[in-house]
Amino acid sequence: MTQPPTVLLVDDDESMRHSTAQALELADLACLALPSAEEALARARPGLNGAVVTDIRMPGMDGMTLLARLREIDPELPVILVTGHAEVQLAVDAMRRGAYDFIEKPFATQALVAVLRRALDHRALVLENRRLRAVAGQQDDLEVRLPGRSAAAIDLRRRLRALGPSEADVLVIGPTGAGKEVAARALHDLSPRASRPFVAINCAALPAQMVESELFGHEAGAFPGAMRPRFGRFEHARGGTILLDEVGSMPAELQPRLLRVLQDRAVVRLGSNEPIPLDVRFLATSKVDLAGLVARGGFREDLYWRLAVTQLRLPPLEERREDIPLLFLQLVREAAARHGRPDAAPPPELLADLAARPWPGNVRELRNAAERWVLGLDWMAAEDSGATAGRLADRVGAFERSILAAAIAANGGRLKPVYESLGISRKTLYEKMQKHGLDRHLVADGDGPED
């Protein structure tokens, strides 16, 4: 049964938040009132059936930053800004950046309800179109988030769809910039916990002095300055998913307590002896080989086996070079929309050059290059211009394969302009495609005619 649309209402002013939420519920609009942008982000996901209403001026993350972060999660999620009279120009600028609408304080409830009904109707159409595209075999949300037509990319999406609906804890491993957090977020969004919080904890940046209070919470009087009880981040995620980002960097003294939480699914706040049940799913990411770290004594073996119930490996770009042209085209489109620039397609020569280069920073590095290209900057400025390592024959073969894949992608799978632009015969092109295992339907973003 489809859940009704939900309005995420974000405002740090408790009385304003409470009165607005009551008004929306009286108008038969399901509403979840949240005191901070961070809590809204924990609940937002691609495919969310609803809309977001947020104040602009808030401590910590403000409404403008929240808008930008939400557009990274789902560019078509309606975001309505609540603004003071002096901030109207700011709100108009935000609409140019993708906000659905804005409403000026003080506002009549009927005005907000009218805007929300339009936004929710628009959202329903967007979600229905996505569903129809998925039924027709076209791209779904997962393929948009983790694009690629290589065997490695297809297998990754298959495993995500299999693991997502389960309750299994998952260890996501892969090099820097390969998209580990994107994959973890996809696991959460594919699970029955999708409507509950997704809480990401950066294990490499935990504050040393307050780490236990930050994660486990504390009771009043647990230490000097603890005037009232406080939920830790583990408790905040109850019913949802906790992501332990770069778990290999977790301090050694904290690892035994994390192991206890994983075993008992309960937390004990500082200053208390009472365990609090914890209904969560744990995901973890690591760019280092945790098994090797265990062998060197840098990580607890029992904790490793608790986290690695299931492992999901994200391949580096080096292992799926044929995906680079399509990835770059998508990243260029996203960057152009983000900066309000025209959507200009990169030339085939550039795509071939990109596919032949090493990308040690993987998708993150490729995204930076797309950003610079859209802004008219030197996209090679921060990239290593050296050739890939290996035997000469392997490097020549990889370069030839990347040129063919880039040309096929740039021409949408139509082979006639490919062999004409490369100055080869149709027979030679077919032979080279067979040699390199290239299928025009998998390399190109759509099906083109045979010639």
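The values are calculated or read from the model by the stated rules, or taken from the named source; none is laboratory data. As the structure is a computational prediction, the values presented were derived from the model and not from experiment. Ideal geometry is used to build each Cβ from the backbone, glycine not excepted, and the neighbour counts take in all protein chains shown.
Descriptive notes on the structure:
- Of all the listed residues (L156, L187), the sole one being touching a Pro at 6+ places or on another chain (Cβ under 9 Å) and under 24 Å from R306 (Cβ atoms) is L156.
- Positions within region 319-353 being within 19 Å of M433 (Cα to Cα) and surrounded by 20 or more Cβ atoms within 10 Å (Cβ to Cβ), in sequence order: R321, E322, D323, I324, P325, L326, P348, L351, A352
- A single entry from P229, P192 fulfils the requirement of being more than 30 Å from E318 (Cβ to Cβ), exposed (fewer than 14 other Cβ atoms within 10 Å of the Cβ) and in contact with an Asp or Glu (Cβ under 9 Å, 6 or more places away or on another chain): P192.
- Matching residues in region 249-292 - criterion: being among the small types (G, A, S) and modelled with pLDDT of 90 or more: A266, A284, S286
- The set of residues from region 297-318 being surrounded by fewer than 20 Cβ atoms within 10 Å (Cβ to Cβ), in contact with a strand residue (DSSP E or B) (Cβ under 6 Å, 6 or more places away or on another chain) and outside any strand (DSSP E or B) comprises just one member, A308.
- So E383, is it at pLDDT below 85, in a helix (DSSP H, G or I) and not assigned by TED's automatic domain parsing to the domain that holds G179: no
- Residues located in region 247-272, provided they are closer than 27 Å to G174 by Cα, buried (at least 20 other Cβ atoms within 10 Å of the Cβ) and free of Cβ contacts under 8 Å to residues at least 60 places away in the same chain: G248, M250, L258, V261
- Counting residues in region 304-318 that are modelled with pLDDT under 85, at negative phi and not assigned by TED's automatic domain parsing to the domain that holds A405 gives one or more.
- You will find that of A51, A33, A42, the residue that is of a type in the set (G, A, S), part of a strand (DSSP E or B) and touching a residue at least 60 places away in the same chain (Cβ under 8 Å) is A51 and no other.
- Yes/no for R414 being at pLDDT 80 or above and in a loop (DSSP other than H, G, I, E, B): yes
- Picking from residues in region 215-268 that are under 26 Å from the mean Cα position of the chain (by Cα) and in a strand (DSSP E or B), the one that is nearest to A184 (Cα to Cα) is L243.
Condition check ((1) at pLDDT 90 or above; (2) touching an Asp or Glu at 6+ places or on another chain (Cβ under 9 Å)) across all residues:
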position	(1), (2)
D28	yes, no
P35	yes, yes
I56	no, yes
P78	yes, yes
G84	no, yes
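- Subset of region 180-189 (residues that are surrounded by fewer than 20 Cβ atoms within 10 Å (Cβ to Cβ) and of a type outside the set (A, V, I, L, M)): E181
- Note on region 8-55: residues that are of a type in the set (S, T, N, Q) and under 23 Å from the mean Cα position of the chain (by Cα) total 3.
- Checking V294, V288 one by one, the residue that is surrounded by 14 or more Cβ atoms within 10 Å (Cβ to Cβ) and either assigned to a loop (DSSP other than H, G, I, E, B) or among the charged types (D, E, K, R) (or both) is V288 and no other.
- Residue ranges of helices (runs of 4 or more DSSP H) in region 97-183 with at least 1 members outside the structural domain of S286 (by TED's automatic domain parsing), at pLDDT below 90 and in contact with an Asp or Glu (Cβ under 9 Å, 6 or more places away or on another chain): 109-135, 141-145
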